Amino acid sequence: MTPAIQQKVNGADAILKVLIKEGVETVFGYPGGAVLPLYDAIMKYHHKVHHVLVRHEQGAVHAAQGYSRATGKVGVCIVTSGPGATNIITGIADAMMDSTPLVCVIGQVVAPLLGTDAFQEADVIGLTMPITKWNYQITSADEIPEAMAKAFYIARSGRPGPVVLDVSKTAQIQEFDFHYERCNKIRSYVPVQNLRVDKIKEAADLINSANKPYLLFGNGVIISGAEKELQQFVEKTGIPAAWTLLGLSAMDTDHPLNVGMLGMHGNYGPNIKTNECDVLIAVGMRFDDRVTGDVKTYAPQAKVIHIEVDPAEIDKIIKADVAILGDAKKALQKLIEFVKPNKHDEWVNEFKECYKIEHKKVIKKDIYPTKKELTMGEVVRLVAEKVNGDAIAVTDVGQQQMIASRYFKFKQSRSFISSGGLGTMGFGVPAAMGAKLGQPNRQVIAFVGDGGFQMTLQELGTISQYQIGVKIVILNNNYLGMVRQWQQLFFDKRYSFTHLQNPDFIKLAEAYSINARKVTKREDLAGAISEMIDHQGPYLLEVVVEKEDNVFPMVPAGASVSKIILEP
Amino acid sequence: MNQEFIISAFTENHIGLLNRITIIFTRRKINIESLTVSESALAGISKFTIVVNDTQDKVSKVVKQIDKLVEVLKAYYHTNEEMIYQEIALYKVPTEALTSSNQIESLVRQYNARILEVTSDYTVIEKTGKKEETQELFERLNQFGVLQFNRSGRVAITRSPIERLSAFLKDRDKLLASIE
């Protein structure tokens with residue numbers, strides 16, 4: 001245990017001291033009245049805790065998410081009371097859905113004014129209760145060390161999530177005897193269950209006698225750092241494995257047993273084979289409705305093994321025949337001991353056959369188009385090739401997100417950062433900013449649409465001020481493409497408010513002194529991408545793509561995964 | 001099929017926890033029929049008793065969500081048959097009605113109720129029992145004009161022998177110590 005230190009400081013200084021003790025190097029924030037004392041301390045400790053000034057609080061929270069997802073560390077954002085707090089609500093809800101550890105330090109009015117409708121007062125505890133793993137209001141400085149220690153512990157342990165600390169200005173200015181001990185236990189909180197060997201054996205028996213076993217993996221593999229164990233497990237058992245959107249990059253894209261992506265716009269084989277396998281092993285994933293389609297017709301033939309850290313996810317959507325509660329890494333380690341070496345070449349081949357069909361009907365047209373207009377798919381694949389599969393891809397939400405998830409390639413974990421559960425447009429640019437600051441030596445590419453980009457484009461100011469070397473690729477189809485696709489397919493092409501009249505994105509980048517280039521022709525694309533990759537510092541590349549392209553395959557909403565369609 | 005379930009939770013006695021628990025029901029549009037919160041046998045630990053009418057599937061999922069809350073020690077649910085439970089009701093009637101005949105007095109005897117306070121104006125009667133019983137007495141007394149009526153939420157204990165809270169906390173300590 002860390003030895004306790006003791007000294008008289010004010011609450012604001014104490015918060016910074018805790019951040020240093022917790023190993024926080026970068027925070028994202030925006031000052032305001034209720035965090036003035038805190039910002040005074042931030043200035044004092046800036047040599048130890050680097051503060052990044054964003055242009056809107058939403059940018060701060062998404063940047064903290066991007067930072068956390070790229071590094072595995074707890075993301076920290078600091079904002080003021082009232083509107084500062086409400087502006088980060090979207091990011092907090094997003095982090096809750098995607099299990100991203102965050103500590104959000106939010107200013108609050110002075111304690112005597114609580115509940116009086118004071119200037120810039122909002123009920124932050126009430127507002128964030130349903131979208132945080134934990135939240136706590138601090139009204140007195142001496143509460144700071146314990147509350148912050150708990151905040152970091154809760155955010156990062158078990159199934160991670162966002163924590164909000166609502167810190168009254170009163171607590172920030174009060175002086176007290178500061179001493180800090182990190183938290184490693186809360187009696188009412190069991191972050192991880194101990195593995196039950198009987199369950200592991202039961203699962204191993206099912207796996208050992210299966211003819212068509214199939215493994216699905218999600219964010220839990222990345223969170224627990226189980227990438228190596230996952231690979232060992234599938235290699236020992238010969239089981240084909242598919243990733244969820246948030247499981248992307250937990251395995252090498254080109255690994256022979258990686259059969260692709262699940263979900264509404266996932267790959268053909270991974271979807272239809274769900275309903276043909278005899279044992280389904282789900283690791284660190286939660287059967288999101290975008291993965292399952294109609295649950296009544298989801299894998300009814302299969303025995304389901306669910307490896308999951310959060311007991312509330314067991315049987316929530318899909319009933320588990322064997323539930324293994326615990327950490328994915330440890331569960332896989334143990335399971336590897338009990339499973340027999342095996343091969344399922346014929347079964348794995350069936351996925352490859354499906355891929356051939358999908359390649360012919362969808363992929364070829366997407367990444368090697370013969371038509372005049374550029375496609376999102378060819379842009380994403382070309383970028384992936386130029387970075388040799390060694391970059392972090394951050395996406396916004398919509399068609400470019402699905403295309404990026406389908407055609408980008410990964411060699412390293414924590415290389416795909418996207419808003420999965422909440423589907424937050426505007427996530428891309430600020431999250432990429434945070435990812436780049438967390439992994440300054442890695443190439444970070446943000447794929448965004450013309451719609452989502454305009455939701456948080458003010459962060460170009462942050463990118464420019466700190467010269468954050470992100471590469472922003474705007475895939476511009478002058479539409480809210482995914483919504484338009486649904487309107488085309490399910491609303492008889494009634495394009496209700498999905499067409500956008502866009503600004504000159506290049507001039508916009510230039511206004512922020514960010515190098516930019518616009519590509520409209522195929523012959524210019526490769527050169528422009530190389531220029532972007534080779535450029536030191538931030539770069540914005542706008543690619544004008546086919547206006548009315550659709551993302552396929554597609555499992556229509558509410559349909560069975562077997563009913564995936566390859567073309568309209 | 002909907003049926004009545006009793007959800008019990010032991011929690012830390014922290015500000016906001018009631019809200020944290022009730023929004024789990026609100027989000028899923030489940031009505032809380034009755035709710036009782038008070039200190040358990042151990043200081044600092046609260047006991048929630050929540051009655052809902054829903055399917056077992058929904059109730060079991062809600063209980064898991066309650067159990068997931070950081071400040072909840074343990075949550076579980078039972079059917080009515082698995083628990084012994086009571087509610088308490090207070091009735092205020094005009095004292096004149098009590099004195100003008102022996103009917104109220106005989107109702108008090110019949111229903112195993114008792115008189116808490118008598119003044120020249122009013123008399124307060126108390127009865128513990130199941131909701132149907134306290135309701136029945138209300139209807140009988142209301143012939144004489146019930147001035148005020150208040151019924152509590154449910155208090156309940158299980159029929160099956162379950163772990164004592166202090167033993168549970170000891171086990172929890174062991175569990176937490178075993179987690180790396």
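Could you check how many residues of region A:157-194 are within 13 Å of chain B (Cβ to nearest Cβ) and either over 24 Å from A:Val35 (Cα atoms) or assigned to a loop (DSSP other than H, G, I, E, B) (or both)?
Result for region A:157-194: 17.
Given the criteria closer than 23 Å to A:Ser99 by Cβ, away from every other protein chain (no Cβ under 14 Å), open to solvent by 20 Å² or more (accessible area, probe 1.4 Å) and modelled with pLDDT of 95 or more, does A:Lys236 qualify? Spell out how you get there, then give the answer.
Details: closer than 23 Å to A:Ser99 by Cβ: no; away from every other protein chain (no Cβ under 14 Å): yes; open to solvent by 20 Å² or more (accessible area, probe 1.4 Å): yes; modelled with pLDDT of 95 or more: yes.
Here the answer is no, as A:Lys236 does not meet what is asked.
For region B:52-75, give me the residue count where each residue is within 13 Å of chain A (Cβ to nearest Cβ), under 16 Å from B:Asn2 (Cβ atoms) and surrounded by fewer than 20 Cβ atoms within 10 Å (Cβ to Cβ).
Within region B:52-75, residues that are within 13 Å of chain A (Cβ to nearest Cβ), under 16 Å from B:Asn2 (Cβ atoms) and surrounded by fewer than 20 Cβ atoms within 10 Å (Cβ to Cβ) number 5.
Between A:Ile324, A:Ile318, A:Ile336, which is modelled with pLDDT of 95 or more and in a helix (DSSP H, G or I)? Before you say what the answer is, go through the steps one by one.
Values: A:Ile324 fails: in a helix (DSSP H, G or I); A:Ile318 fails: in a helix (DSSP H, G or I).
Step by step, each of A:Ile324, A:Ile318, A:Ile336 is checked, and only A:Ile336 is modelled with pLDDT of 95 or more and in a helix (DSSP H, G or I).
Do you know which residues across region B:130-145 are assigned to a helix (DSSP H, G or I) and either farther than 22 Å from B:Tyr77 by Cβ or within 14 Å of chain A (Cβ to nearest Cβ) (or both)? So that I can check it myself, show each step before the final result.
Filtering region B:130-145 for residues assigned to a helix (DSSP H, G or I) gives B:131-144.
Selection gives B:Glu133, B:Thr134, B:Gln135, B:Glu136, B:Leu137, B:Phe138, B:Glu139, B:Arg140, B:Leu141, B:Asn142, B:Gln143, B:Phe144.
Got a sec? Which of B:Ala89, B:Ala97 is assigned to a helix (DSSP H, G or I) and assigned by TED's automatic domain parsing to the domain that holds B:Tyr122? Talk me through it step by step, then tell me what you get.
Values: B:Ala89 fails: assigned to a helix (DSSP H, G or I).
From the options B:Ala89, B:Ala97, the qualifying one is B:Ala97.
Quick check, is A:Gly225 under 23 Å from A:Val394 (Cα atoms), within 14 Å of chain B (Cβ to nearest Cβ), in contact with a Gly (Cβ under 9 Å, 6 or more places away or on another chain) and open to solvent by less than 60 Å² (accessible area, probe 1.4 Å)?
yes
Looking at region A:91-100, can you tell me whether even one residue there is open to solvent by less than 10 Å² (accessible area, probe 1.4 Å), among the β-branched types (Val, Ile, Thr) and more than 15 Å from A:Val24 (Cα to Cα)?
Yes: one or more hits.
Of these, A:Gly115, A:Gly161, A:Gly218, which one is in contact with a Leu (Cβ under 9 Å, 6 or more places away or on another chain) and not assigned by TED's automatic domain parsing to the domain that holds A:Gln333?
Only one candidate qualifies: A:Gly161.
In region A:21-30, which residue that is within 19 Å of A:Ser157 (Cα to Cα) and not charged (D, E, K, R) is least open to solvent (accessible area, probe 1.4 Å)?
The residue in question is A:Val24.
Which of (1) surrounded by 14 or more Cβ atoms within 10 Å (Cβ to Cβ); (2) without any contact (Cβ under 8 Å) to a residue 60 or more places away in the chain is the odd one out, the single condition A:Pro553 does not satisfy?
Every condition holds for A:Pro553 apart from (2).
Being within 14 Å of chain B (Cβ to nearest Cβ), crowded, with 21+ Cβ neighbours inside 10 Å and of a type outside the set (Val, Ile, Thr) is the filter here, so list the residues in region A:281-315 that pass it.
A:Arg286, A:Phe287, A:His306, A:Glu308, A:Glu313
Taking helices (runs of 4 or more DSSP H) that do not extend beyond region A:361-466, which have at least 1 residues that are more than 19 Å from the chain's Cα centre (by Cα)?
A:364-367, A:376-386, A:450-453, A:460-465
Mind checking which pairs have a first residue in region B:146-166 that is not assigned by TED's automatic domain parsing to the domain that holds B:Glu39 and part of a loop (DSSP other than H, G, I, E, B) and a second that is among the hydrophobic types (A, V, I, L, M, F, W, C) and at pLDDT below 80, Cβ under 9 Å, 6 or more apart or different chains?
none
Applying the selection to region B:34-44, what residues are in contact with a Leu (Cβ under 8 Å, 6 or more places away or on another chain) and either at the interface with chain A (Cβ under 9 Å from one of its Cβ atoms) or open to solvent by 40 Å² or more (accessible area, probe 1.4 Å) (or both)?
B:Val37, B:Ala41, B:Leu42 - these are the residues of region B:34-44 that are in contact with a Leu (Cβ under 8 Å, 6 or more places away or on another chain) and either at the interface with chain A (Cβ under 9 Å from one of its Cβ atoms) or open to solvent by 40 Å² or more (accessible area, probe 1.4 Å) (or both).
Criterion first (at pLDDT 95 or above and farther than 30 Å from A:Cys354 by Cα) does A:Met554 satisfy it? Before the answer, list the steps.
Working: at pLDDT 95 or above: yes; farther than 30 Å from A:Cys354 by Cα: no.
No; evaluated as a whole, the condition is false for this residue.
Please work out if A:Ser496 is open to solvent by 60 Å² or more (accessible area, probe 1.4 Å) and of a type in the set (S, T, N, Q).
On the way: open to solvent by 60 Å² or more (accessible area, probe 1.4 Å): yes; of a type in the set (S, T, N, Q): yes.
So A:Ser496 passes the test.
In region B:7-18, is there at least one residue being touching a residue at least 60 places away in the same chain (Cβ under 8 Å), crowded, with 19+ Cβ neighbours inside 10 Å and away from every other protein chain (no Cβ under 11 Å)?
Yes, there is a match, as at least one residue in region B:7-18 is touching a residue at least 60 places away in the same chain (Cβ under 8 Å), crowded, with 19+ Cβ neighbours inside 10 Å and away from every other protein chain (no Cβ under 11 Å).
Can you say whether A:Ala312 is assigned to a loop (DSSP other than H, G, I, E, B) and in contact with a helix residue (DSSP H, G or I) (Cβ under 8 Å, 6 or more places away or on another chain), as far as the supplied structure shows?
Taking the combined requirement at face value, the residue does not satisfy it.
Among the residues of region A:337-392, what is the count of those that are among the aromatic types (Phe, Trp, Tyr) and farther than 30 Å from A:Ala204 by Cα?
The number of residues fulfilling the criteria is 1.
Go through B:Thr49, B:Thr79 for me and flag whichever is more than 10 Å from every other protein chain (Cβ to nearest Cβ), touching a Ser or Thr at 6+ places or on another chain (Cβ under 7 Å) and in contact (Cβ under 8 Å) with a residue 24 or more places away in the chain.
B:Thr49
Limited to region A:175-200, what total is found for residues that are over 23 Å from A:Val24 (Cα atoms), buried (at least 17 other Cβ atoms within 10 Å of the Cβ) and not charged (D, E, K, R)?
Total meeting the criteria: 7.
Evaluate the following for A:Glu276: is it touching a His at 6+ places or on another chain (Cβ under 8 Å), farther than 25 Å from A:Trp486 by Cβ and of a type in the set (D, E, K, R)?
When the stated conditions are applied, A:Glu276 does not pass them.
So, A:Gly452, is that one farther than 25 Å from A:Met264 by Cα, of a type in the set (Gly, Ala, Ser), surrounded by 15 or more Cβ atoms within 10 Å (Cβ to Cβ) and modelled with pLDDT of 95 or more or not?
So A:Gly452 does not fit the description; no.
Say we look at region B:23-33 and pick out the residues that are open to solvent by less than 70 Å² (accessible area, probe 1.4 Å) and facing another protein chain (nearest Cβ under 10 Å); which of these is nearest to B:Tyr77 (Cα to Cα)?
Going through the qualifying residues, I end up with B:Ile24.
Going by the structure shown, is A:Asp534 at pLDDT 95 or above, farther than 23 Å from A:Gly461 by Cα and of a type in the set (D, E, K, R)? Can you show your working first?
Details: at pLDDT 95 or above: yes; farther than 23 Å from A:Gly461 by Cα: no; of a type in the set (D, E, K, R): yes.
No, not satisfied.
The values are calculated or read from the model by the stated rules, or taken from the named source; none is laboratory data. Nothing here was measured: the structure is a model prediction, and the numbers come from that model. No Cβ is skipped: glycine too gets one built from the backbone with ideal geometry, and neighbour counts run over all protein chains shown. Calculation scope for accessible area: heavy atoms of the full protein, side chains included, ligands and nucleic acids excluded. Shrake-Rupley method; radii C 1.70, N 1.55, O 1.52, S 1.80 Å.
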